[in-house]
Amino acid sequence: QVQLVESGGGLVQAGGSLRLSCTASGSILSINVMGWYRQSPGKQRELVAFPTSGGSINYADSVKGRFTIARDNAKKTVYLQMNSLKPEDTAVYYCNAEARSYSDYRLRDYWGQGTQVTVSS
């Protein structure tokens with residue numbers, strides 16, 4: 001099993017910044033990629049930032065130039081630096097990882113439980 005735990009969410013003023021973290025734990029054999037999604041009430045979950053197999057990062061158009069993803073392989077952690085936050089960024093942010101565990105060698109998709117980000121005007 002692989003567990004993902006997000007942290008760093010909270011309430012922030014428009015124009016401010018937050019840094020989200022997601023740390024993987026459990027019987028991890030390897031982690032292929034880690035990235036971020038978000039979901040607002042009444043809306044579908046959308047990709048925020050996710051690495052591609054070519055080494056580039058897919059960012060949602062709405063966050064380009066404001067959000068940056070980074071990964072620390074040694075800490076099994078992925079970060080999402082969010083700058084110039086807007087009220088429209090308010091959502092639950094979910095960490096997603098493709099990983100293999102010792103109990104299951106298949107490459108599987110794992111999700112965290114989410115962390116709330118609220119941006120006030």
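For every residue, the table says whether it meets (1) closer than 26 Å to residue 11 by Cα; (2) over 14 Å from the mean Cα position of the chain (by Cα).
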position: 55; (1), (2): no, yes
position: 67; (1), (2): yes, no
position: 70; (1), (2): yes, no
position: 74; (1), (2): no, yes
position: 77; (1), (2): yes, no
position: 85; (1), (2): yes, yes
position: 91; (1), (2): yes, no
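Go through segment 33-60 and report how many residues are in contact (Cβ under 8 Å) with a residue 60 or more places away in the chain and exposed (fewer than 13 other Cβ atoms within 10 Å of the Cβ). Matching residues across segment 33-60 total 0.
Given the options 40, 25, name the one that is closer than 18 Å to residue 108 by Cα, within 16 Å of the chain's Cα centre (by Cα) and modelled with pLDDT of 95 or more.
Numbers: 40 fails: closer than 18 Å to residue 108 by Cα.
That would be 25, the only listed residue that is closer than 18 Å to residue 108 by Cα, within 16 Å of the chain's Cα centre (by Cα) and modelled with pLDDT of 95 or more.
Scanning segment 61-91 for residues that are open to solvent by less than 70 Å² (accessible area, probe 1.4 Å), assigned to a strand (DSSP E or B) and without any contact (Cβ under 8 Å) to a residue 60 or more places away in the chain turns up 67, 69, 70, 72, 77, 78, 91.
Filter segment 92-117 for residues that are in a loop (DSSP other than H, G, I, E, B), open to solvent by less than 90 Å² (accessible area, probe 1.4 Å) and more than 14 Å from residue 40 (Cβ to Cβ); which is modelled with the highest pLDDT?
To start, the set of residues in segment 92-117 that are in a loop (DSSP other than H, G, I, E, B) comprises 102-107, 112-114.
If we keep only those that are open to solvent by less than 90 Å² (accessible area, probe 1.4 Å) too, we end up with 104, 107, 112, 114.
Then drop every residue that is not more than 14 Å from residue 40 (Cβ to Cβ), which leaves 104, 107, 112.
Working: 104: 87, 107: 94, 112: 98.
Only one residue fits best here, namely 112.
Among the conditions (1) at pLDDT below 95; (2) in contact with a Ser or Thr (Cβ under 6 Å, 6 or more places away or on another chain); (3) of a type in the set (Ser, Thr, Tyr), residue 52 misses just one, which is (2). Within segment 7-17, restricting attention to residues that are open to solvent by 30 Å² or more (accessible area, probe 1.4 Å) and of a type in the set (A, V, I, L, M, F, W, C), the residue that is farthest from the chain's Cα centre (by Cα) is 14.
The values are calculated or read from the model by the stated rules, or taken from the named source; none is laboratory data. Predicted model, so just to flag it, every value in this text is computed and none were measured. Backbone-built Cβ (ideal geometry, glycine too); neighbour counts: all protein chains shown. For the accessible areas, the whole protein counts, side chains as well, though only heavy atoms, and no ligand, DNA or RNA atoms are used. Shrake-Rupley method; radii C 1.70, N 1.55, O 1.52, S 1.80 Å.
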